[in-house]
Amino acid sequence: MTMKQRGFTLIELLAAITLLGLLAAILMGTVRGAERSTTAATDVVERTEQYARTQAFLRDHIGGALPMRWRREVSQPLKFSGKQNTLTYFAPVTSQIAEGGVMWWQLAVGKSSSSGKGGQLVLRRQPTDPDEKAVPDLSSAEPIVLADHIDALTISYFDVGDDPLTNPDAGVWVDSWDENARMPMLIKIQITETGERRWPELIVSLKLSQALGCNFDFQRQRCIIQSTGAR
C-alpha cells in the first residue's frame with residue numbers, strides 16, 4: 001500500500017511567491033544602492049578632477065598677469081580690473097590655448113549653452129587695441145569654458161597697505177581692486193557649484209607684483225618710472 005502523494009496548497013503557493021517577491025525586492029534594492037554608490041563616487045572623482053585641473057590652470061594663468069600701463073606715466077592706470085565676481089587682466093597667451101602674444105582676459109560665470117543646470121566658469125579673451133585707453137568690456141568676447149554646473153564666482157584681493165615695509169600687518173582682503181598704481185599681492189577665488197558645493201579656496205600669487213618698468217615707492221606712495229619710452 002502506497003501513501004497518496006500530497007501537493008502544495010494555494011496558501012503555500014501564495015506564501016512562496018510572496019517570499020520570492022520579497023527576496024527579489026531586497027536584491028534589486030541592493031543593486032540600485034550599489035549603482036547609486038558607484039555613480040556618486042564617479043561624480044566625486046569627476047568633480048575633483050575638474051576643479052583640480054581648472055585651479056591649476058588659473059593659478060598659472062592669472063599668476064602671469066602683466067602689470068602694464070597704456071603709457072609709462074604715473075597717471076595712467078594699470079591694465080587690470082578686479083571686481084567681486086569678475087577679474088579682467090592683461091596676460092600672455094598660454095601654450096594650452098595658442099602660441100605667443102598677449103591679450104585681455106576675463107574670468108567670470110556665464111550662461112550655459114546647454115539646458116543643464118547652473119552656469120559655466122568661462123575665461124573670455126580679446127585682442128588688445130593699441131588705441132584703447134581703458135579696460136574693455138569683455139562680456140561678449142570669445143569664451144573658453146573651464147567648468148560646467150557653476151553657480152557663483154567670488155573674488156577678493158589682498159591689499160598690503162600703504163606701507164608694508166614698516167607696517168607688514170596692515171594688509172587686508174578687499175572685495176574689489178580700485179588701486180590705480182599697484183597690483184594686489186594675492187587674489188583669492190571661491191567657486192560654488194550647483195547645489196551649493198564649494199570648490200577648495202584658490203589663492204593666486206602674482207608673479208609680477210607691480211607695474212612692469214615701475215617700482216612702487218610705498219614711502220612716497222608713487223610709481224617710480226625707470227624710463228620714458230612709449231609702451
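The values are calculated or read from the model by the stated rules, or taken from the named source; none is laboratory data. Everything quoted here is computed from the prediction, not taken from an experiment. Backbone-built Cβ (ideal geometry, glycine too); neighbour counts: all protein chains shown. Heads up: the accessible areas ignore ligands, DNA and RNA and are worked out on the full protein's heavy atoms, side chains in. Shrake-Rupley method; radii C 1.70, N 1.55, O 1.52, S 1.80 Å.
Here are a few things to note about the model shown:
- Selection within the stretch 149-173 - without any contact (Cβ under 8 Å) to a residue 40 or more places away in the chain and within 18 Å of the chain's Cα centre (by Cα): F158
- Residues that are surrounded by 17 or more Cβ atoms within 10 Å (Cβ to Cβ) and either over 21 Å from G101 (Cα atoms) or of a type in the set (A, V, I, L, M) (or both), drawn from the stretch 138-150: L138, A141, L146, A147, D148, H149, I150
- Restricting attention to the stretch 79-124, the residues being at pLDDT below 85 and of a type in the set (K, R) number 1.
- Cβ separations smaller than 8 Å between residues 6+ apart or across chains give the following pairs from the stretch 76-95 residues that are farther than 20 Å from D129 by Cα to residues that are open to solvent by 30 Å² or more (accessible area, probe 1.4 Å) and among the acidic types (D, E): Q84/D175.
- Taking every residue in the stretch 191-207 that is more than 27 Å from M68 (Cα to Cα) and pairing it with any residue that is basic (K, R) and modelled with pLDDT of 90 or more, at least 6 positions away or on another chain, the pairs with Cβ-Cβ distances below 6 Å are T192/R198.
- Selection of the stretch 110-137 for residues being open to solvent by less than 70 Å² (accessible area, probe 1.4 Å) and outside any loop (DSSP other than H, G, I, E, B) yields G110, G119, Q120, L121, V122, L123, R124, R125, Q126.
- Restricting the search to strands (runs of 3 or more DSSP E) fully inside the stretch 138-231 and requiring at least 2 residues that are modelled with pLDDT of 85 or more gives 142-159, 172-174, 186-193, 202-205.
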